[in-house]
Amino acid sequence: MYVIFDTETSGLDPDLYQLLTAGFILLDKDLNILAKREWKFQYPKYVTDPEAMKINKIDINRHHIQADDSKQCLLEINETLRFYMTEQKLESWIVIGHGVSFDINFLKRTETKVGLDKNCLVSALFNRRVIDTQSNAMMFDMMHFLPKNINCSLVSQAAWVGCQDIDSKKHTALGDCELILEVLKTQINVIQKGKK
């Protein structure tokens, strides 16, 4: 039903830079975890923005050794999502993320760059509806639900909800997915309490 999706990239422009890692947590309708995994994408040559690499702390040489061919990663992600779609009787996945349009755009551009067949597109398995915890945080801020020292960044939101091990998780694709899940659950609780 839901897929939490996050990426780490070598820069901000998907036409110039590359998708380095993609994290996915697959959830059922009650937000129970069905599966989680992170893929590391390998390329013949990397184009990196020093500022982006400073933030995500990816050592590109070590990454290259640990990563798999980018096209193969996308095919494996497609296969994994399709497996759980069949098991859960889904037509598509509703994507959850933090500033998730960035991640979806990077994914789509990567699919084009590697020449992925249209029948194998990961993005084609995504529902057009998304849940964005960053947008939710902005709404909460407008409604004065957030303390003054909390902003809408994922790290700040994760601190607000009391996530553990933020420093070890932040700026890794799967770690960010785990933080997004905790933030989402708290956002849901805030909304449910507000209804009463």
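The values are calculated or read from the model by the stated rules, or taken from the named source; none is laboratory data. All values derive from a computational prediction rather than experimental measurement. For neighbour counting, all protein chains shown are included, and Cβ atoms are generated from backbone atoms with ideal geometry for every residue, glycine included.
If the Cβ limit is 6 Å and pairs must be 6+ apart or interchain, which residue in the stretch 169-183 that is over 16 Å from L20 (Cα atoms) pairs with which residue that is assigned to a loop (DSSP other than H, G, I, E, B)?
L179/C163; I180/H98; E182/C163
Just checking, how many residues over the stretch 96-148 are part of a helix (DSSP H, G or I) and either of a type outside the set (D, E) or within 18 Å of the chain's Cα centre (by Cα) (or both)? Don't jump to the end; show me each part of the working.
So the first thing to find is which residues in the stretch 96-148 are part of a helix (DSSP H, G or I), and the list is 100-113, 118-120, 123-125, 133-142.
Within this subset, residues satisfying the condition of being either of a type outside the set (D, E) or within 18 Å of the chain's Cα centre (by Cα) (or both) are 100-113, 118-120, 123-125, 133-140, 142.
Going through the stretch 96-148 one residue at a time, the tally reaches 29.
Scan the stretch 108-152 for residues that are within 19 Å of D176 (Cβ to Cβ) and among the β-branched types (V, I, T) and jot them down.
T110, V122, V130, I131, T133, I150
So which pairs qualify, if the first residue must be in the stretch 51-62 and in a helix (DSSP H, G or I) and at pLDDT below 95, the second must be of a type in the set (K, R) and surrounded by 14 or more Cβ atoms within 10 Å (Cβ to Cβ), the Cβ gap must be under 8 Å, and the two must be at least 6 apart or on different chains?
Pairs that qualify, where the first residue is in a helix (DSSP H, G or I) and at pLDDT below 95 and the partner is of a type in the set (K, R) and surrounded by 14 or more Cβ atoms within 10 Å (Cβ to Cβ): there are none.
Tell me, which residue of the stretch 106-152 that is basic (K, R) and under 20 Å from L19 (Cα atoms) is surrounded by the most Cβ atoms within 10 Å (Cβ to Cβ)? Working first, answer last.
Filtering the stretch 106-152 down to residues basic (K, R) leaves 108-109, 113, 118, 128-129, 148.
Keeping just the survivors that are under 20 Å from L19 (Cα atoms) gives 108-109, 113, 118.
Working: K108: 17, R109: 19, K113: 15, K118: 7.
Here the residue is R109.
Give L31, L26 a once-over and let me know the one that is on the phi > 0 side of the Ramachandran plot and either out of contact with any Asp or Glu (no Cβ under 7 Å at 6 or more places or on another chain) or modelled with pLDDT of 95 or more (or both).
L31
From the list I104, I96, I131, which one is at pLDDT 95 or above and farther than 25 Å from I191 by Cα? First the steps, then the outcome.
Values: I96 fails: farther than 25 Å from I191 by Cα; I131 fails: farther than 25 Å from I191 by Cα.
Of I104, I96, I131, the one residue that is at pLDDT 95 or above and farther than 25 Å from I191 by Cα is I104.
Can you tell me which condition I4 does not meet? The list is (1) under 19 Å from V130 (Cβ atoms); (2) without any contact (Cβ under 8 Å) to a residue 12 or more places away in the chain; (3) among the β-branched types (V, I, T), and all the others hold.
Of the numbered conditions (1) under 19 Å from V130 (Cβ atoms); (2) without any contact (Cβ under 8 Å) to a residue 12 or more places away in the chain; (3) among the β-branched types (V, I, T), the odd one out for I4 is (2).
Quick check: is even one residue across the stretch 166-180 among the hydrophobic types (A, V, I, L, M, F, W, C), over 18 Å from I131 (Cα atoms) and within 17 Å of the chain's Cα centre (by Cα)? First the steps, then the outcome.
Of all residues in the stretch 166-180, those among the hydrophobic types (A, V, I, L, M, F, W, C) come to 166, 173-174, 177, 179-180.
In the following step, the residues that additionally are over 18 Å from I131 (Cα atoms) were identified as 166.
If we keep only those that are within 17 Å of the chain's Cα centre (by Cα) too, we end up with 166.
Yes, because at least one residue in the stretch 166-180 is among the hydrophobic types (A, V, I, L, M, F, W, C), over 18 Å from I131 (Cα atoms) and within 17 Å of the chain's Cα centre (by Cα).
Of the residues that sit in the stretch 65-84 and are part of a helix (DSSP H, G or I) and of a type in the set (A, V, I, L, M), which one is surrounded by the most Cβ atoms within 10 Å (Cβ to Cβ)? Lay out the reasoning, then the answer.
Start the filter on the stretch 65-84 by keeping residues that are part of a helix (DSSP H, G or I), which leaves 65-66, 70-84.
Adding the requirement that they be of a type in the set (A, V, I, L, M) leaves 65, 74-75, 77, 81.
Values: I65: 9, L74: 23, L75: 16, I77: 20, L81: 21.
The qualifying residue surrounded by the most Cβ atoms within 10 Å (Cβ to Cβ) is L74.
Just name the residue that is surrounded by the fewest Cβ atoms within 10 Å (Cβ to Cβ) out of those in the stretch 153-188 that are part of a helix (DSSP H, G or I) and among the basic types (K, R). Write out each step before concluding.
First, pick out the residues of the stretch 153-188 that are part of a helix (DSSP H, G or I): 154-161, 166-169, 173-188.
Still in the list and also among the basic types (K, R): 169, 185.
On the way: K169: 19, K185: 12.
Out of the qualifying residues, it is K185.
When you look at D103, is it out of contact with any Pro (no Cβ under 6 Å at 6 or more places or on another chain) and under 29 Å from K54 (Cβ atoms), yes or no?
Details: out of contact with any Pro (no Cβ under 6 Å at 6 or more places or on another chain): yes; under 29 Å from K54 (Cβ atoms): yes.
When the stated conditions are applied, D103 passes them.
Within the stretch 1-24, how many residues turn out to be touching a strand residue (DSSP E or B) at 6+ places or on another chain (Cβ under 6 Å) and either outside any strand (DSSP E or B) or of a type in the set (D, E) (or both)?
Of the residues in the stretch 1-24, 4 are touching a strand residue (DSSP E or B) at 6+ places or on another chain (Cβ under 6 Å) and either outside any strand (DSSP E or B) or of a type in the set (D, E) (or both).
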